[in-house]
Amino acid sequence: RVWEAGEAGDVAASWSGPHFVVLCGGDEDRARDVAAALTSARCVVVGGGGEGVPARYEAAVLQTLELLQRIVAEKPKDEVLIQLVVAGAGAEALFGGLAGLLRTARLEHPKLRGQIVVVAADESAAQIVAHLQESARRPHEQAVRYSAGTREVASWRELSPDAGVAMPWRDGGVYLITGGAGGLGLIFAEAIARGAKDAVIVLTGRSELDDGGHARLSGLERLGARVAYRRVDVADGAAVRSLIAELRESHGGVSGIIHAAGVIRDSFLLKKTADEIHAVLAPKVAGVVNLDEATADLTLEFMILFGSGAGAFGNVGQADYAAANALLAEYAAWRNEQVRRGERWGRTVSIAWPLWRDGGMQLPEASERQQRQMGLHPLATEAGLEAFYRALAGESGEGDEIAVLSGEAGALR
């Protein structure tokens, strides 16, 4: 995903339908000023409650979801524009993950049109109102950013294949894979075991391993890796800190992290509950925060966040899962900024994966059939690994979020 200069030329007339502005971050004073100047829209504030990123983000998801549910329940006859105002820097930028929720909302309810408007943290209410009014004239632009006097629009740029990309694993490296007992985690554990001599691979999961899991770990050890499984809930900060402390003591630290933990609780937007949202957000959102904070002083070589196409493009029935995965993309950008300031180590990339043929979460048969009709095919393991190596080998300027698609190239483009 990249930011490019916005369109020039004529624009549509001012938005005349129902209009909501959601200001993220809890700044009530600025919200009042925006509401006073933008009388044509209803303004609300989200994300102001709780302490820490996970609590504030979950509050914002719940508050935004409740707003969307109220709008849908009223059965609007015209299209409704929902603009989310997000700060462009610091932890406040993480609220940009709400874009995943909006994308899913539009897929389920086509009369809802969402737009993220990213602004500088120090912009006045008058400047924000001007940005909102300008962007409302281009409602087809789903994400807009104002920075240093320029207006940019988010888009996707295809990466060219890169032959001969080197594997990121190194001999004797120590690699942590959360959600490691799942199909996708085990695929990457095997890739490490085959690609690096004497590698240490630590897999985590919330459940005890069954006989099949123990057999897979034994297979990895036969490839020459030292493998361990730890029952850890990554949403539990104390448990994550304890795990990282153990790895420091026993192996001297961690070389790289693959954050692949996740759960789904699929249901339509109107039926989503707070319990479902908490269950879905916890492993992704609290998980990445806990991993990042526990390893803040380690010289990591990489931190890879396994997201989903639901976050990048939305997916029916997965409003919460989309919001969780879209947060990972924003977190990757935020952490890379910290790396540039010398506060963290190792490149962070969020990869929005499609359905894998041999691993990861599976779709119901009807959903998979629908994807095939759209030209999408389950991702083969070899192609997925190649995409992973390509994503990690790229320069940081290529993007903090990379989406992988598998299928008929003509249909996908």
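Structure values in brief
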read-out	value
Sum of -39500 (n - 2.57) over DSSP H runs of 4+, divided by residues of the chain (222 nm, nearest 500)	-12000 deg cm²/dmol
Net charge, Tyr331 excluded, C-beta distance under 12 Å - Lys, Arg +1, Asp, Glu -1	-3
Sorted by Cβ density within 10 Å, fewest first, the residues Trp334, Trp156	Trp156, Trp334
Cβ charges +1 (Lys, Arg) and -1 (Asp, Glu), total dipole of segment 174-412, debye	120
Most mobile listed residue (Glu382, Glu66, Glu134) in the chain, GNM with C-alpha springs under 10 Å	Glu382
Debye, to nearest 20: dipole size of segment 2-155, +1 on Lys, Arg Cβ, -1 on Asp, Glu Cβ	500
Relative contact order for the chain, counting Cα pairs under 8 Å that sit 6 or more residues apart, in percent	16
For Gly307, distant residues with modelled amide H under 5 Å away	Ile351, Ala352, Trp353
Candidates Gln142, Gln127, Gln115: whichever shows maximal mean-square fluctuation once the chain is modelled as a Gaussian network with Cα springs under 10 Å	Gln127
15 Å Cα-Cα reach of Lys197 towards aspartates and glutamates, excluding residues that sit fewer than 8 places from it in its own chain	Asp171, Glu221
Radius 13 Å from Cβ of Gly50, net charge of other residues (Lys, Arg +1; Asp, Glu -1)	-1
All aspartates and glutamates inside 20 Å of Lys111 as judged from Cα atoms, apart from same-chain residues fewer than 8 positions distant	Glu66, Glu74, Asp78, Glu79, Glu141, Asp320
Segment 72-112: trypsin sites (Lys or Arg not before Pro) falling in loop per DSSP and having at most 10 other Cβ within 10 Å	Lys77
Order of Asp233, Asp358, Asp198, Asp292 under a 10 Å beta carbon neighbour criterion, fewest first	Asp198, Asp358, Asp233, Asp292
Positive dipole terminus of segment 2-155, leading residue within His131, Thr64, Gly52 (C-beta point charges)	Thr64
Residue-count net charge about Asn315 - beta-carbon cut-off 10 Å; Lys, Arg +1, Asp, Glu -1	-1
Rounded to the nearest 20 debye, dipole of the chain from Cβ charges on Lys, Arg, Asp, Glu	540
Dipole axis of the chain (+1 Lys, Arg; -1 Asp, Glu on Cβ), positive-most option in Val280, Gly183, Leu270	Leu270
For the chain, built as a Gaussian network whose Cα springs stay under 10 Å, the top-fluctuating residue of Ser16, Ser308, Ser350	Ser16
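Values quoted throughout were computed directly from the atomic coordinates according to the rules given, and no laboratory measurement underlies them. Computed from a prediction, not measured in an experiment: that's the story for all the values here. Positions of Cβ are generated from backbone atoms using ideal geometry, with glycine treated the same way; all protein chains shown enter the neighbour counts.
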